[in-house]
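Trainee: One structure, as structure tokens, below. Some questions next.
Bear in mind that the values in this text are calculations on the coordinates, not laboratory data. What you see is a predicted model, and the numbers here were worked out from it, not measured in a lab. Quick reminder, even Gly has a Cβ in these numbers, built from the backbone with ideal geometry, and neighbours come from all protein chains shown.
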There are 2 protein chains.
Amino acid sequence: MEAIKGYSYGRVSQSPVSLTDLELLKKTVMFNAEDEQHLKMAADVLRDQTSEVLDMWYGFVGSNEHLIQYFAHNGQPNMEYLTAVRARFKQWIMDLCTKPYDQEWLNYQHEVALRHHSTKKNKTDNVQSVPIIHYRYIVAFIFPITATIRGFLSKKGLDGETIEKMHAAWFKAVTLTVILWTYPYINKNEF
Amino acid sequence: MEAIKGYSYGRVSQSPVSLTDLELLKKTVMFNAEDEQHLKMAADVLRDQTSEVLDMWYGFVGSNEHLIQYFAHNGQPNMEYLTAVRARFKQWIMDLCTKPYDQEWLNYQHEVALRHHSTKKNKTDNVQSVPIIHYRYIVAFIFPITATIRGFLSKKGLDGETIEKMHAAWFKAVTLTVILWTYPYINKNEF
């Protein structure tokens, strides 16, 4: 497998969110051991479809000027930047479904958060682009990222109830992730 | 109909979020005219079930110490506060499904935002409780508020496809609302 540029899982600083806080967040999105099992099943279903998933998500971003601008410089989409992010986004799908949500996972979510925020935006890929991805679109993405995965979860002939459960687990996991990705945007002591 | 204490829809200050921003957010959560229609249908389905919906949501909050504390004072849940919020929360279900998402709607979402945030928490009901609802649980609530409504949407014998569409419209609308409710928590210029 070729190395993914900028994918530094396991080699980043500590998240300001504690494992205790993560447990309470998991309770709040109703995430449990059954969801972990269904995410592992989802990984098996999605593993050979991640390019098609990314095609769909990039198609959505690319057809919305207010979204593609976050990957642009002087109004021109930066293909090098988009390509580098795409490889990590594909890996994120598999990580979301297969990694244990432990300290290392928590730390990497915070690294991704900083890369959306002005703290580290553009630095990983050493590109020129707008200085921050605005907060509101990170939370808004919970919907398209959750709704569009369903078709892909349905493609391997599993029964409807299993697909439902994989989809619910995905929705919970995406919501958890988005919360962690928005940490740097939140006023001190209000997270 | 008895007046709902603290329900000041149409009589609040202007939201800092513009209608143009709202349109772009609607595009990002894929919200369109068909969703508006399905929310109106959802209103018809939910209208006589809002007490049961609130029973379920309050049951969830009440059984989680880390959530009920936001309605407590010195560790004791404040029933007067919980009751006042409950009446407005019921009204929110109907407003989400039936109100046009115009300037007035936008303004009221911001008022609700301020009431979660330390800016106005506890003031509407003149109660003593913790000074803020932490940001992370507002976003986390997208999942339980979306997942649990499905059973209620299914209770009036509509066909599966219509239920799906009402549920998707609800999910989009809840996500939009949550984004607006978190505005006061976001660092200046990062929303």
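Trainee: Check the straight Cα-Cα distances from A:K120 and name the lysines below 23 Å, setting aside those fewer than 8 residues away within the same chain.
Mentor: Candidates past the 8-residue exclusion: A:K5, A:K90, A:K188, B:K188.
Trainee: Let me ask another. Show me the helices of chain B, taken as full DSSP H stretches, that run 30 Å or more along their long axis by Cα and average 0.0 or above in Kyte-Doolittle hydropathy. Write down the numbers at each step before the final one.
Mentor: Values: long enough: B:160-181 (31 Å, 0.58).
Counting only whole DSSP H runs, the qualifying helices are B:160-181.
Trainee: Same structure, new question: Sequence neighbours fewer than 8 away in the same chain don't count; with that in mind, list the aspartates and glutamates whose C-alpha is under 18 Å from A:K121.
Mentor: Once the sequence-local aspartates and glutamates are set aside, what remains near A:K121 is A:E80, A:E111, B:E190.
Trainee: Right, here's the next one. Which of B:Q37, B:F71, B:V130 sits closest to the plus end of the dipole of the protein assembly as shown, meaning its Cα is farthest towards the positive end, when Lys and Arg get +1 and Asp and Glu get -1 on the C-beta?
Mentor: Towards the positive end, the residue furthest out is B:V130.
Trainee: Under the classification rounded if a/c is under 1.5, otherwise prolate if a/b is larger than b/c and oblate if not, where does the stretch A:22-69 fall, given a ≥ b ≥ c as square roots of the Cα gyration tensor eigenvalues? Numbers along the way, then the final one.
Mentor: Numbers: a/c = 5.22, a/b = 1.59, b/c = 3.28.
Oblate is the answer for the stretch A:22-69, as a/c is 1.5 or above yet b/c matches or exceeds a/b.
Trainee: What does the average come to when, for each residue of peptide A:147-155, you count the partner chain Cβ atoms lying within 10 Å of its Cβ?
Mentor: Working: counts 5, 1, 0, 0, 0, 0, 0, 0, 0.
The mean count of partner-chain Cβ atoms within 10 Å per residue comes to 1.
Trainee: Once every DSSP H run of n ≥ 4 in the protein assembly as shown is given -39500 (n - 2.57) and the sum is divided by its residues, what mean residue ellipticity at 222 nm do you get, rounded to the nearest 500 deg cm²/dmol? Mind dumping the intermediate values first?
Mentor: Working: 20 runs with 228 residues, N = 382.
Dividing the helical sum by the residues of the protein assembly as shown leaves -18500 deg cm²/dmol.
Trainee: Still on this structure, please answer the following. Give the lysines whose C-alpha is closer than 17 Å to that of B:K156, dropping any in the same chain fewer than 8 places away, or say none.
Mentor: Counting by Cα, and skipping residues close in sequence, B:K156 has these lysines nearby: B:K40, B:K165.
Trainee: Something else now. Where nothing but the Cβ of Lys and Arg (+1) and of Asp and Glu (-1) is charged, how large is the charge dipole of chain B around its Cα centre, in debye to the nearest 20?
Mentor: Working: 21 positive and 21 negative charges, 90 e Å.
The calculated dipole for chain B is roughly 440 debye.
Trainee: Taking chain B as a Gaussian network, where each spring joins two C-alpha atoms under 10 Å apart, which residue of B:T119, B:T98, B:T20 fluctuates the most?
Mentor: B:T20
Trainee: A further question on this structure: Which FRET efficiency, nearest 0.05, do B:M94 and A:Q76 yield, Cβ-Cβ r, R0 56 Å? Could the numbers behind the result be given before it?
Mentor: Numbers: r = 46 Å, r/R0 = 0.82.
The computed FRET efficiency comes out at 0.75.
Trainee: Let me ask something additional. Using a Förster distance of 35 Å, how high is the FRET efficiency between A:E65 and B:Q103, based on the Cβ-Cβ distance and rounded to 0.05? Walk me through the intermediate numbers first.
Mentor: Details: r = 24 Å, r/R0 = 0.68.
The formula returns an efficiency of 0.90 here.
Trainee: Mind checking which of B:M166, B:M41, B:M30 has the largest fluctuation in a GNM of chain B, springs on alpha carbons under 10 Å?
Mentor: Top of the fluctuation ranking is B:M30.
Trainee: Report relative contact order for the stretch A:120-191 in percent, whole number only (criteria: Cα-Cα under 8 Å, sequence separation at least 6).
Mentor: On the way: 30 pairs, mean separation 23.9, N = 72.
Relative CO of the stretch A:120-191 lands at 33 percent.
Trainee: Another question, if that's okay. So if I place +1 on the C-beta of Lys and Arg and -1 on the C-beta of Asp and Glu, and nothing else carries charge, what would the dipole magnitude of the stretch B:6-75 be about its Cα centre? I want it in debye, nearest 20. Walk me through the numbers before you get to the answer.
Mentor: On the way: 5 positive and 10 negative charges, 53 e Å.
For the stretch B:6-75, the charge dipole is close to 260 debye.
Trainee: For a test of the definition: using alpha carbon positions, the gyration tensor, and the 1.5 limit on a/c, classify the stretch B:68-191 as rounded, prolate or oblate. Before the final figure, lay out the partial values.
Mentor: On the way: a/c = 2.03, a/b = 1.48, b/c = 1.37.
It is prolate, given that a/c is not under 1.5 and a/b is the larger ratio.
Trainee: What's the average, rounded to a whole number, of partner chain beta-carbon atoms within 10 Å of each residue's beta-carbon in A:182-191? Please report the intermediate quantities before stating the final value.
Mentor: Working: counts 7, 2, 2, 7, 8, 10, 1, 3, 12, 4.
Averaged over the peptide's residues, the number is 6.
Trainee: Here is a further query. Looking at chain A as a GNM with Cα springs under 10 Å, which of A:H116, A:H134, A:H38 has the largest mean-square fluctuation?
Mentor: Highest fluctuation of the listed residues: A:H134.
Trainee: Report the charge-dipole magnitude of the protein assembly as shown in Debye, nearest 20, computed about the Cα centre from +1 at each Lys and Arg Cβ and -1 at each Asp and Glu Cβ. Don't jump to the answer; show the numbers that get you there.
Mentor: Details: 42 positive and 42 negative charges, 160 e Å.
So the dipole magnitude of the protein assembly as shown works out to roughly 760 debye.
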